[in-house]
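Have a look at the structure below, then the notes.
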Amino acid sequence: MKVLVLGINYAPEPVGIGPYTAGTAIDLAGAGHAVTVVCAKPYYPSWRTDPAFAGRGAVRSVEEGVSVVRVPIYVPRIPGGRRRLLHHLSFALAALPRFIAEAWRTRPDVVFAVAPSLLAVFVARLGAWLSGARLWLHIQDFEVEAAFATGLLAGRPWLRRLAHGFERRALRADRVSAISPQMCAGLVRRGVLPASVVEFRNWAELDAIRPLRRPSRYRLEWAVEQPHVAVYSGNIANKQGIEVVVEAARLLRHRRDLAFVVCGEGPQRERLVAASAGLDNIQFRPLQPRERLEELLGMASIHLLPQLAGAADLVLPSKLTNMLASGRPVVAIAHPGTGLAREVEGCGLVVPPGDAAAFATAIESLIDDAALRERLGRQGRLRAEARWDRRHIATDFQRRLSELAA
């Protein structure tokens, strides 16, 4: 089977959507399929084009059996609403000639498009039409609604109507998938036929990340002397609502047995560091190499998963899968009954949005209850094995993809 992939994010981006698009392509190539990817040059989560790819036009390479074409795009230093729209538009325009050329050259059986970016879906649709391929659209987050929920776009009624109308047109495909049951239900509410909707989850790195039974090496490297560590690792941007981590550190600064570690990059990082001035129980570190992720996650007594109230059913944070795989409990922010809350229940504690005191209290209760901490962490590992096993997810996806091609 020949598969042509379109997605703005791809490896070597270390977090977010890129590792999953790359993993999907690599798994397909490893199963003997011919796979070509058209993507942007890596820029996430620092929002700067990777220096190794800067200053040139499109770049072609073959990586782990996948033919990869990377195109240059506009990357705003501070990705506000209008600049983010230009960012996605630049990818659609840059990808258009390359993608059409690849569609004509490879004659794929299936075009697999990943959103974000919805603006580029029309490029994928054109390529599928010209080559006679089926179109599979995969939704990693509902970017239109998330843009309004996080304040990237103002909530003017006419703008909402225009954006949602565009979204409904963009979601027309032979198959449309999302990464959680709640997001699949969201597709149906947006007018996608139920028979066309499938669940295609992100996975946990179960082989690479196991519960660490010894002190993490990061403790020595970063001079973490407190017996307990609350860790946030990932993107630092609007929809994370990560300011609550600094507020919790302030509320718990009297706990000399607890340290907070924020490991990540993103447009809100500098503001967050400034907000933590005067606190000696929190430290900020850059994203760590993926091969050391087990060591980083194993340093945690507790994982922190903040999220803005309006984003809990618009995206399922990919970082959750590996948090659970590490065998440590999670303290998450979400309304009861949302997709995020249901994934965390039984593996951690869920507190309502906008309540830093409740967030801090949940952290403190886990620090003080070793038995609860152990039980929730053990259940998290079991859930990761049951719901986020990469081999099972990849096998099921490839079966469905072959059915679509046939």
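Computed from the coordinates by the stated procedures, all read-outs in this text should not be read as laboratory data. Everything numeric in this text was worked out from a predicted model, so none of it was measured. Quick reminder, even Gly has a Cβ in these numbers, built from the backbone with ideal geometry, and neighbours come from all protein chains shown.
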- Note on the structure: Kirkwood calc, the stretch 168-309, C-alpha pairs only, radius in angstrom 17.5 Å
- Quick one: of the DSSP bridges fully inside the chain, what percent are antiparallel, nearest 5? 10 percent
- Message: As I understand it, the dipole of the chain uses +1 on the Cβ of Lys and Arg and -1 on the Cβ of Asp and Glu, about the Cα centre. Which of Gly337, Val121, Gly264 lies farthest toward its positive end?
- Response: Val121
- Message: List the residues, sorted by chain then number, that are 5 or more residues from Val37 or on another chain and whose placed amide H is less than 5 Å from its amide H.
- Response: Val5, Ser67, Val68, Val69
- Query: Over the chain, what is the relative contact order in whole percent, taking alpha-carbon pairs under 8 Å and six or more residues apart?
  - Reply: 14 percent
- For Leu162 and Leu279, calculate 0.36 nm times their separation in residues minus their Cα-Cα distance, and state this gained length in nm to one decimal. 37.7 nm
- Two decimals is fine: what's Rg over Rh for the stretch 93-250, C-alpha atoms, Kirkwood radius as Rh? 1.09
- Query: Going toward the positive end of the dipole of the chain, with +1 on Lys and Arg Cβ and -1 on Asp and Glu Cβ, which of Ala103, Leu251, Gly81 do you reach last?
  - Reply: Ala103
- Message: Among Trp222, Phe200, Leu287, whose Cα projects farthest towards the positive end of the dipole of the stretch 197-315, with charges put on the beta-carbon of Lys, Arg (+1) and Asp, Glu (-1)?
- Response: Trp222
- Query: Assigning unit charges at the beta carbon (Lys, Arg +1; Asp, Glu -1) and nothing else, what dipole magnitude in debye, to the nearest 20, does the stretch 217-387 show about its Cα centre?
  - Reply: 240 debye
- Tilt relative to the chain, helix 157-170 - C-alpha long axis, 0 to 90 degrees, to 10: 60 degrees
- Of all DSSP beta bridges located in the stretch 53-140, what percent are antiparallel, nearest 5? 45 percent
- Message: Can you tell me the mean projection area, over all orientations, of the convex hull of the stretch 82-149's alpha carbons? Units nm², please.
- Response: 4.4 nm²
- Note on the structure: In whole angstrom, the spacing between the Cα centers of the stretch 163-190 and the stretch 332-406 equals 23 Å
- Task: Please compute P(r) over all alpha-carbon pairs of the stretch 217-387, binned at 10 Å starting from zero, and give each bin as a whole-number percent.
- Result: 10, 42, 40, 7, 0
- Task: Quick one: dipole size for the chain, taken about the Cα centre, charges +1 on Lys/Arg Cβ and -1 on Asp/Glu Cβ, in debye to the nearest 20.
- Result: 1020 debye
- Using only the alpha carbons of the chain, determine the length spanned along each of the three principal axes and report them from longest to shortest in whole angstroms. 64, 45, 44
- Message: If packing is taken as the average number of other Cβ atoms within 10 Å across a peptide's residues, how do 167-177, 110-120, 204-214 rank, most packed first?
- Response: 110-120, 167-177, 204-214
